[in-house]
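The values are calculated or read from the model by the stated rules, or taken from the named source; none is laboratory data. Keep in mind the model is a prediction, meaning the values are calculated, not measured. Cβ placement follows ideal geometry from the backbone for every residue including glycine, while neighbour counts extend to all protein chains displayed.
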Amino acid sequence: MNGIQKAVIAVDGAKVSFGAVKALDGVTLRVMPGECVGLVGHNGAGKSTIVSVINGGLTPQVGSVASDGERLERYGINAARVRGVRCVFQELSLCPNLSIVENTRIMHRDLGGFGWRTRAEKIIEQSLDTVFPGHNIGSSRAVGDLSIAERQMVEIAMAFSDAGIAPRLVILDEPTSSLDASLARQMLDHVRRFVAAGGSVIFISHILHEILETSDRIVVMKDGRVVAERPAHGFDHHGLVEAMGTVAKEETGQRSSREQPTAPLILSHQAAGLSFTAHEGEIIGLAGLAGHGQTELLLALHAAQSSNWRPERDPLVTFVAGDRRLNGVFELWSILRNFSIASLGDLSRRGLILAQEEETKGADWKRRIEIRTPDLDNRILSLSGGNQQKVLFARALATRARIVLMDDPMRGVDVGTKQEVYKIIREEAARGRTFVWYSTEMDEVRLCDRVYVFREGRIMDELAADAVNETNIIAASFSGVPA
Amino acid sequence: MTFRLSSDAMRLAIPALSLTLLLAAVFWLQPRAMSYVGLNLLFNLAVPIALATIAQMIVMAVNDLDLSMGTFVSFIACVTATFLRDTPVTGVLILVGAIATYAGLGVVIHLRNLPSIVVTLGMSFVWGGLAVLLLPAPGGQSPDWVRWLMTVKPPLAPMAIVASIIIAAVAHLVVMRSSLGVLIRGIGGNPRSVERAGWSIVAARGAAYGLAGFFAVLAGIALVGLTTSADANIALRYTLLSIAGVILGGGEFIGGRVSPIGAVIGALTLTLAGSFLSFLRISADWQIGAQGAILIIVLAFRLMLNRLEKQEKGR
């Protein structure tokens, strides 16, 4: 049998890296006609990256993409669309200001000409009727006016709609996350019908029983590689969870298991699901799949402890941002200023900054956490990403705040720097500082004393001490829908 | 299910309501304005403003802002009063070149990822300089056909009203009904999604700017038709008036939410506000301030309704 000849899309040995981060490390994936491929993996496994490669949004640095046995040299968004590759993305990918009909026009480039509205209306309504019978969504409504579930329904219907070029491969990235059970059922049934008619689907979901019952074949990814690939009946719920994690089982002893149930309570917050508490000197991890409410909790903790109008005299919490470019560094400022901005209250008298003290403190922290620069007056952007992140850490640690909130701060930081920062965090925790650490990386979560696992905006599980390990965390993040 | 206005209809209701209120107030103060001639006098200066507002609206639909609108319209007015009258071929070439420049600006802004306000602010000095070169002192004369067009007396309704309706209808067709219009608004709403569907955003942005340039050219020509001569500073107010008109008409600075009909109504409202204040015998010194106050009141009203709408949705 000749697999490559038949495959709708065959990605061969794709490697993609963003700076120091290897998003894909030689992934080979083939999708045959009439097949639903389930794709699972924890955060940063490379699912979204392989999706981008298949839909033409990203060209792999190494490796090739072939379709129908023909190797495609210049594969891009348009080439993918011509071959009938469609995608439903995790985040909203419609224009909220346009009506459903107008969005259909945008999605199908060759729908133009006089009377396109009528044609677009017919196409999208037909597709909605097929996928979600009895949906009750008027196609002249603006997408911004729809509920989240309705938007997702429209996106799914949009991907399956046919305007000249029939969809052959539909990629569904977490399509059921905001659909209720009956709508999800309708969609999964449609996926099966579509596949039975010879179409192909790549199905990504964190709800494992959906994957298990809908897919023909399941591909498990981890750290940018495919680690397991079997027909769906070769997996069960437990086996999938195992396959996603167990590669690095032996490293459980990394964390010094300090038990501090006796330390005084410093912060508590009634979040959705389990309530959140923090003790002095604890390192608390927020785990679970990315975007399931961890950042929201950090922001809520921060908002609850700070005032909008006046800076606090003695702030209890400080924040280390995850997205450096967006809300971390002041790009035009020097390293020193970037460092001292959070503690200016302590460094000034009668509204004037004490330049001498600022410099002393800066030099002190430069030595403590080894910011690699000849001069703190250099621009912050002269530093590497990892060192910029260190400056942000120093900014937070130099304040008197007792609690440090961290929003996945180590994204895109090299391993050496990470180890240094971990050391600093442990030292500071030993001195009684509390860290609330949202991380998408399993290695970091394992460093924590206690971990809250999030799912769909709620704290679903709390793991402490020796229970903090990869298997438990993955099991909690993928725990099936209450049946 | 209870009847609910769509958000687009809501968007249009407020400018329409404010225009009606203002018009009623003017008629009450000065009943003689309620005539063919009176209406034309009240509104004829609104025609070029409406065209400039549509131009501004198209730029705002792609999340940009054009700060050169006033000087550009002035420049076009100067070209119309000189070249377009004396050597029509050269005049038309200059106008086409100006539109092409606008389209080029859109491309440059997108490719180099520049802030549109900086680029257009810079261009405003270029247009202003060119206008002064053309007409160092007020002068020139409008071409006869333009003059005829702006003073024509159609049956039933005066020129200003007919022109406003035509402008609104054409702009609505182009921006709200055509594929290009959908694409332009789509860029304002979610550029990634447009890109993922395989469109060229550069081309669409260039087209949006080109279209805006076209409407701004029409604004300049219409203005000269009314004033019969031009001057390098004739339309400086248009930059802010056009922005205010778009916002007043239910448009928003970002998100591709615009309404051409609303924009024309907004331009009419702004013009009428000036007349209204004159009828109230408010001294010229206070008029600009009072005009600002009217603007603030209408916008505050809109924000209030937006908030109500959001609360309703939140429930």
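Filter the helices (runs of 4 or more DSSP H) completely within segment B:216-315 down to those with at least 2 residues that are surrounded by fewer than 24 Cβ atoms within 10 Å (Cβ to Cβ) and free of Cβ contacts under 8 Å to residues at least 40 places away in the same chain. Before you say what the answer is, go through the steps one by one.
Working: elements: B:238-248, B:260-279, B:284-314.
Ranges flagged: B:260-279, B:284-314.
Listed residues A:Pro409, A:Pro374; which is more than 26 Å from A:Glu296 (Cβ to Cβ) and modelled with pLDDT under 85? It would help to see each step written out before you state the result.
Values: A:Pro409 fails: more than 26 Å from A:Glu296 (Cβ to Cβ).
Of the residues listed, the single one that is more than 26 Å from A:Glu296 (Cβ to Cβ) and modelled with pLDDT under 85 is A:Pro374.
Yes or no: A:Ile148 within 14 Å of chain B (Cβ to nearest Cβ) and touching a Cys at 6+ places or on another chain (Cβ under 6 Å)?
On the way: within 14 Å of chain B (Cβ to nearest Cβ): yes; touching a Cys at 6+ places or on another chain (Cβ under 6 Å): no.
For A:Ile148, the condition - within 14 Å of chain B (Cβ to nearest Cβ) and touching a Cys at 6+ places or on another chain (Cβ under 6 Å) - is not met.
Just give me the residues in segment A:54-74 being of a type outside the set (Lys, Arg), away from chain B (no Cβ under 14 Å) and in contact with a strand residue (DSSP E or B) (Cβ under 7 Å, 6 or more places away or on another chain), in sequence order. Answer for segment A:54-74, where residues must be of a type outside the set (Lys, Arg), away from chain B (no Cβ under 14 Å) and in contact with a strand residue (DSSP E or B) (Cβ under 7 Å, 6 or more places away or on another chain): A:Pro60, A:Gln61, A:Val62, A:Gly63, A:Ser64, A:Val65, A:Ala66, A:Ser67, A:Leu72. Taking the stated definitions as given, is A:Arg395 free of Cβ contacts under 8 Å to residues at least 24 places away in the same chain and closer than 23 Å to A:Tyr422 by Cα? Here the answer is no, as A:Arg395 does not meet what is asked.
Any idea which of B:Leu45, B:Leu23, B:Leu105, B:Leu51 is out of contact with any Lys or Arg (no Cβ under 9 Å at 6 or more places or on another chain), buried (at least 16 other Cβ atoms within 10 Å of the Cβ), over 30 Å from B:Leu135 (Cβ atoms) and more than 14 Å from chain A (Cβ to nearest Cβ)? Before you say what the answer is, go through the steps one by one.
Values: B:Leu45 fails: over 30 Å from B:Leu135 (Cβ atoms); B:Leu105 fails: over 30 Å from B:Leu135 (Cβ atoms); B:Leu51 fails: over 30 Å from B:Leu135 (Cβ atoms).
None of the other options fit; the residue is B:Leu23.
Out of A:Leu381, A:Leu376, A:Leu332, one residue alone is outside any loop (DSSP other than H, G, I, E, B), of a type outside the set (Val, Ile, Thr) and in contact (Cβ under 8 Å) with a residue 24 or more places away in the chain. It is A:Leu381.
I'd like to know if segment A:424-435 contains one or more residues that are without any contact (Cβ under 8 Å) to a residue 24 or more places away in the chain, surrounded by fewer than 21 Cβ atoms within 10 Å (Cβ to Cβ), on the phi < 0 side of the Ramachandran plot and not assigned by TED's automatic domain parsing to the domain that holds A:Asp223. Explain how you work it out, then say what you get.
Start the filter on segment A:424-435 by keeping residues that are without any contact (Cβ under 8 Å) to a residue 24 or more places away in the chain, which leaves A:427.
Subsequent filtering for residues that are surrounded by fewer than 21 Cβ atoms within 10 Å (Cβ to Cβ) retains A:427.
With on the phi < 0 side of the Ramachandran plot added as a condition, the list becomes A:427.
Next, only the ones that are not assigned by TED's automatic domain parsing to the domain that holds A:Asp223 stay: A:427.
Scanning segment A:424-435, I find at least one residue that is without any contact (Cβ under 8 Å) to a residue 24 or more places away in the chain, surrounded by fewer than 21 Cβ atoms within 10 Å (Cβ to Cβ), on the phi < 0 side of the Ramachandran plot and not assigned by TED's automatic domain parsing to the domain that holds A:Asp223, so the answer is yes.
Here A:Arg86 clears all of (1) under 21 Å from A:Gln152 (Cβ atoms); (2) within 13 Å of chain B (Cβ to nearest Cβ); (3) in a helix (DSSP H, G or I) except the condition numbered (3). When we screen B:Leu111, B:Leu134, B:Leu130 for residues that are under 17 Å from B:Tyr238 (Cβ atoms) and over 21 Å from the mean Cα position of the chain (by Cα), the only hit is B:Leu130.
Table: residues versus (1) in contact with a Gly (Cβ under 9 Å, 6 or more places away or on another chain); (2) more than 19 Å from A:Met107 (Cβ to Cβ).
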position: A:Ala157; (1), (2): no, no
position: A:Ser161; (1), (2): no, no
position: A:Ile171; (1), (2): no, no
position: A:Ser177; (1), (2): no, yes
position: A:Phe194; (1), (2): no, no
position: A:Leu208; (1), (2): yes, yes
position: A:Glu213; (1), (2): no, yes
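Restricting attention to segment A:192-203, the residues that are touching a Pro at 6+ places or on another chain (Cβ under 9 Å) and buried (at least 23 other Cβ atoms within 10 Å of the Cβ) add up to 2.
Which residues, taken from segment A:90-135, are outside any helix (DSSP H, G or I), farther than 18 Å from A:His190 by Cβ, more than 7 Å from chain B (Cβ to nearest Cβ) and not aliphatic (A, V, I, L, M)?
If we filter segment A:90-135 for residues that are outside any helix (DSSP H, G or I), which is where we start, we get A:90-99, A:108, A:112-115, A:132-135.
This time we only want the ones that are farther than 18 Å from A:His190 by Cβ, so: A:90-99, A:108, A:112-115.
From what's left, more than 7 Å from chain B (Cβ to nearest Cβ): A:90-92, A:99, A:108, A:113-115.
Within segment A:90-135, A:Gln90, A:Glu91, A:Ser99, A:His108, A:Gly113, A:Phe114, A:Gly115 meet the criteria.
Look at segment A:204-224 and say how many of its residues are among the small types (Gly, Ala, Ser) and either under 21 Å from the mean Cα position of the chain (by Cα) or part of a helix (DSSP H, G or I) (or both).
The initial filter retains those residues of segment A:204-224 that are among the small types (Gly, Ala, Ser), namely A:205, A:215, A:224.
Then drop every residue that is not either under 21 Å from the mean Cα position of the chain (by Cα) or part of a helix (DSSP H, G or I) (or both), which leaves A:205, A:224.
Qualifying residue count, segment A:204-224: 2.
With a requirement of 3 or more residues that are away from every other protein chain (no Cβ under 14 Å) and touching a residue at least 24 places away in the same chain (Cβ under 8 Å), the helices (runs of 4 or more DSSP H) lying completely within segment B:134-203 that satisfy it span B:144-151, B:159-171.
Among the residues of segment A:50-83, those that are assigned to a loop (DSSP other than H, G, I, E, B) and farther than 22 Å from A:Asp25 by Cβ comprise A:Asp68, A:Gly69, A:Glu73, A:Arg74, A:Gly76, A:Arg83.
Screening A:Gly199 with (1) at pLDDT 85 or above; (2) of a type outside the set (A, V, I, L, M); (3) closer than 12 Å to A:Val40 by Cα gives one miss only, at (3). Considering segment A:412-463, the residues that are among the polar types (S, T, N, Q) and not in a strand (DSSP E or B) include one that is modelled with the highest pLDDT, namely A:Ser439.
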